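None of the figures in this text is laboratory data; all of them are computed from the coordinates on show. Bear in mind the structure is a predicted one, so any value in this text is a computation, not a measurement. Note that each Cβ is placed from the backbone with ideal geometry, even for glycine, and that neighbours are counted across all protein chains shown.
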Amino acid sequence: MTGIELLSFNTAEIQAILLSLKVAFYCALVSLPFALWLAHIMARRSFYGKSIIESLVHLPLVLPPVTTGYLLLLMFGTNGWIGQWLYSTFNIKIAFSFYAAVLASIIVSFPLIVRSIRTAIEMVDTDLEDASRILGVNRLKTFFRITVPLALPGIISGTVLAFARSLGEFGATITFAGNIAGETQTLPLAIYSNMQVPGQEGTTLRLVLVSVVLSFIVMAISEWMVRRMKARKFN
């Protein structure tokens with residue numbers, strides 16, 4: 001394959017690449033506030049059933065992705081527990097749509113962002129938070145003025161991890177969102193589809209290289225941002 005052929009993307013390939021980036025963006029955007037809230041609770045509070053909640057949050061890390069996708073289908077499918085109510089009440093159909101791809105990515109990547117942010121918050125000195133509250137600053141302002149800035153490298157790292165994990169999500173997406181070209185066919189699904197077709201080795205290689213390059217760029221940006229935040233912290 002020549003260099004020109006390697007860079008000759010067709011419409012379907014471009015759609016898959018852009019869709020993957022769009023899904024990953026929404027996944028990180030939606031996950032961040034919920035992960036920040038939950039990570040803070042896990043890091044700073046002790047309560048009955050905490051270990052159960054922690055296990056549920058981290059369950060997608062050990063479950064086969066297809067199992068996660070099937071459970072989502074049971075809940076949010078047209079005949080599912082939640083999906084049926086959404087469809088009959090608001091005419092909203094989630095399964096086998098763009099929203100299903102985003103939701104699948106959120107569920108699969110959520111443990112990564114929560115763990116990263118929780119670790120960062122646990123490393124923040126609680127004496128600083130206590131001093132802030134003693135000076136009359138309420139808990140919410142203390143959280144955003146003290147805790148979040150000090151834990152920012154971990155928050156950034158976790159968000160980028162969620163973004164990167166979403167780029168590589170396959171099993172839950174194909175089960176819950178399907179493999180619909182232009183709507184739910186993300187980059188990993190496009191790679192899988194082209195692998196099944198004889199004579200599409202060139203297309204498969206192009207998409208694989210794009211996947212590698214995107215993942216490398218995302219992780220490199222993450223490392224650069226974390227290093228920069230740490231450098232500012234110690235200056």
Original post:
Hey, if you put +1 on the Cβ of every Lys and Arg and -1 on every Asp and Glu Cβ in the stretch 1-153, which of Gln84, Ala12, Val23 ends up farthest toward the positive end of that dipole?
Top reply: Gln84
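Roughly how big is the chain's charge dipole about its Cα centre, with Cβ charges of +1 (Lys, Arg) and -1 (Asp, Glu), in debye to the nearest 20?
Working: 18 positive and 12 negative charges, 175 e Å.
For this selection, approximately 840 debye.
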**OP:** Could you run the Karplus curve 6.51 cos²θ - 1.76 cosθ + 1.60 with θ = phi - 60° over the stretch 136-144 and give me ³J(HN,Hα) per residue in whole Hz, x for Gly and Pro?
**Re:** x, 7, 6, 4, 5, 5, 4, 4, 7
Original post:
Tell me, which longest segment in the chain has none of the chymotrypsin sites (Phe, Trp or Tyr not before Pro) that fall in DSSP loops with at most 15 further Cβ atoms within 10 Å?
Top reply: 82-235
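For a quick check: sort Val137, Val102, Val213 by the number of other beta carbons within 10 angstrom, fewest at the front.
Numbers: Val137 15, Val102 24, Val213 10.
Result, fewest neighbours first: Val213, Val137, Val102.
Using only the Cα atoms of the stretch 131-203, build the gyration tensor, take square roots of its eigenvalues as a ≥ b ≥ c, and label the shape rounded, prolate or oblate: rounded if a/c is under 1.5, else prolate if a/b is larger than b/c, else oblate. Please list the in-between numbers first.
Details: a/c = 6.39, a/b = 3.73, b/c = 1.71.
Prolate.
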Subject >> the chain: Lys pairs at Cα distance under 30 angstrom, eight or more positions apart or on different chains >> reply: 5
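Hey, got the dipole for the stretch 1-129? About the Cα centre, +1 on K and R Cβ, -1 on D and E Cβ, debye to the nearest 20? List each step's numbers first, then the result.
On the way: 7 positive and 7 negative charges, 75 e Å.
Its charge dipole is roughly 360 debye.
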Original post:
Viscosity 1.306 mPa s, temperature 10 °C: Stokes-Einstein D of the stretch 67-158 from its Kirkwood Cα radius, in µm² per second?
Top reply: 100
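May I ask for the net charge around Gly158, where only other residues with Cβ less than 10 Å from the Cβ of Gly158 are counted and Lys, Arg are +1 while Asp, Glu are -1?
Working: positive: Arg115, Arg118; negative: none.
Net local charge, Gly158 excluded: +2.
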Original post:
Going toward the positive end of the dipole of the chain, with +1 on Lys and Arg Cβ and -1 on Asp and Glu Cβ, which of Leu150, Ser215, Thr68 do you reach last?
Top reply: Leu150
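Starting from the Cα gyration tensor of the stretch 97-142, take the square roots of the eigenvalues, sort them a ≥ b ≥ c, and report rounded, prolate or oblate (rounded when a/c is under 1.5, otherwise prolate if a/b is larger than b/c, else oblate).
Values: a/c = 8.65, a/b = 2.55, b/c = 3.40.
Since a/c reaches 1.5 but b/c is at least a/b, the shape of the stretch 97-142 is classed as oblate.
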